[in-house]
Amino acid sequence: MSENKPKEGINRFGQKTITMIPVEAPLNPNPGHKLRTSNVIVNRQALSSGETLIDSSRLDKVAGQKIEFYSEGNQVGVIRVADQEEGGPVPNQFTGPSYRNPRQRFRFDGHKMMHHLDRLLAWERGERFAPVHIDMGLTKFCNTACLYCYAVVQNMTRGTLIEREALLSYIEDCGRLGVRSIGFIGDGEPTLNPALYDATVRAGELGVDTSMATNGLLLDMDRAHDLLKNMSWIRFNLSAGTREGFRRVHQSKEENFDLLIEKIRALVQIKKQYGYKCTLGLQMVLIPECFDEVLPEARLGAELGVDYFVIKHCSDSEYKEIGINYEDYLTIGDVLKEAESYSTADYVVQAKWNKINAASESALYKNGIRKYDVCHGTPFLLQISGNGKVYPCGPFFNKERFYIGDLHEQSFFDMVMGDRYWAVHRDVTESVDVHKDCAIGCRQDYVNKFLWDLKNPPEHVNFI
């Protein structure tokens, strides 16, 4: 009640009090017990008299609200109601939801750990268990030279790849261990390894989900059915929506842009014709050189008929070797939101805000600092280099301290069950300073934040 003047007093405990009673309010000469904050009590019975009723327009209220007085016996109360005859949904009708949130088709900006509680329980009990997911390269070389490529700091070597027998044996071990998914997402281009297709088929037979991130230029369309039938999703690494942007960002011929678009269009058609469930999507790695390509690619994805277009941050090394300034992302928020507006029931456009906003604040970061202190995530999400060497995570490729083994020399099953494997994961947990030794936006970020919260619960957890 903004027009009322505060009145000071002393309560029964000798403490100073301040009341905000309207000057027109009738007071009760005998306020009764003194356990109240103030000794001054409004005579509510007198309020029922029309002559002494306070003007309700003088009471504080929120916008779109009006106040009415209601009498019941000798009591008078205040009711706040909408200041309009027709408003939004009327409460207390109990006719079911008036609004339904759309189902989150994909979770690009988060994790799915709650669906793997058996692994979480094994971890909490200190048991040995297989990774839920593995990101792995199949080669150590590529046929493009994208400006944002993290692999340039991972010692790329032309001609180096995981040999066919080692790869297929590894797939068998993943099935035996109970690995639930493998992403052919690593330091090299997966389609440069001819064993990709047979490995995908075998994984499907063993019940191991597979996926792939590819530039798509060398994808063998004669094996398209094998991929679409057995893979959960295929993501095309495309950070441009125009021929000129493609040449500039991917440092490849403009004709290759046309080739890629033709292949994506064909895969979409095959998927629809045969009813394959494989999700097809586009991913942009956001750098200043492609800020002007965001909206063209959002429109391109809709025209191609792919399932999604996701926009992610660019990962940089702990030494900033790629040269990413994460504050640049704070200037493009409006463009990213406009791109997201292209989403439909069949086409999702989404930015990974939690990492894009790392320079300000998100669920994972505040001013570039992680909101967790320890990396617990590597046993759940492992990474393997395109030469077959196993490490806890990609940024530690070629760091001998964290080397676990080589798929060409040892079975993956024996690695996971062996002492060296778990000693390396323990070393990461105990020795790695995630604020200094790790780059912003690492692959395990979401999982790490979840596990950190699980390991560091607040007080009174039973009061859910």
Query raised in the report: Would a scan of region 93-101 turn up a residue that is of a type outside the set (Asp, Glu), open to solvent by 30 Å² or more (accessible area, probe 1.4 Å) and under 21 Å from the mean Cα position of the chain (by Cα)?
Result: yes
**Report entry** Residue in region 445-462 that is surrounded by 13 or more Cβ atoms within 10 Å (Cβ to Cβ), touching a helix residue (DSSP H, G or I) at 6+ places or on another chain (Cβ under 7 Å) and either among the polar types (S, T, N, Q) or at pLDDT below 95 (or both) present
**Finding:** no
Query raised in the report: What residue, of Gly281, Gly333, is of a type in the set (Gly, Ala, Ser) and either touching an Asp or Glu at 6+ places or on another chain (Cβ under 9 Å) or under 29 Å from Cys393 (Cα atoms) (or both)?
Result: Gly281
Report summary line: Taking region 369-381 and keeping only residues that are over 15 Å from Val432 (Cβ atoms) and either open to solvent by less than 10 Å² (accessible area, probe 1.4 Å) or in contact with a Cys (Cβ under 6 Å, 6 or more places away or on another chain) (or both), one is left with Phe380
Query - Which listed residue, of Gly388, Gly418, is more than 26 Å from the chain's Cα centre (by Cα) and free of Cβ contacts under 8 Å to residues at least 40 places away in the same chain - result: Gly418
Query - Complete set of residues in region 393-408 that are under 17 Å from Thr139 (Cα atoms) and open to solvent by 50 Å² or more (accessible area, probe 1.4 Å) - result: Asn398, His408
**Report entry** Flag if Ile261 is closer than 17 Å to Val349 by Cα and modelled with pLDDT of 95 or more
**Finding:** no
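Kindly provide the set of residues from region 171-193 that are under 19 Å from Arg443 (Cβ atoms) and assigned to a helix (DSSP H, G or I), ordered by number.
Those that are under 19 Å from Arg443 (Cβ atoms) and assigned to a helix (DSSP H, G or I): Cys174, Pro190.
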Query - Lone qualifier among Ala145, Ala195 - being open to solvent by less than 30 Å² (accessible area, probe 1.4 Å), farther than 14 Å from Ile384 by Cβ and touching a residue at least 12 places away in the same chain (Cβ under 8 Å) - result: Ala195
Query - Residue list for region 148-170, filter: open to solvent by less than 30 Å² (accessible area, probe 1.4 Å), over 20 Å from Leu219 (Cβ atoms) and either of a type in the set (Gly, Ala, Ser) or part of a loop (DSSP other than H, G, I, E, B) (or both) - result: Tyr148, Gln154, Ala166
Query - Residue that is farthest from Ala166 (Cα to Cα) [pool: residues in region 391-415 that are over 29 Å from the mean Cα position of the chain (by Cα) and of a type in the set (Gly, Ala, Ser)] - result: Gly405
Report summary line: How many residues of region 313-344 are outside any helix (DSSP H, G or I) and either under 21 Å from Lys436 (Cα atoms) or in contact (Cβ under 8 Å) with a residue 60 or more places away in the chain (or both)? The answer is 13
Query raised in the report: Is it true that Gly178 is among the small types (Gly, Ala, Ser) and either more than 22 Å from His133 (Cα to Cα) or open to solvent by less than 10 Å² (accessible area, probe 1.4 Å) (or both)?
Result: no
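The values are calculated or read from the model by the stated rules, or taken from the named source; none is laboratory data. Quantities reported herein were computed from a predicted structural model and do not represent experimental measurements. Here Cβ is always computed from backbone atoms with ideal geometry, including for glycine, and neighbour counts include all displayed protein chains. Calculation scope for accessible area: heavy atoms of the full protein, side chains included, ligands and nucleic acids excluded. Shrake-Rupley method; radii C 1.70, N 1.55, O 1.52, S 1.80 Å.
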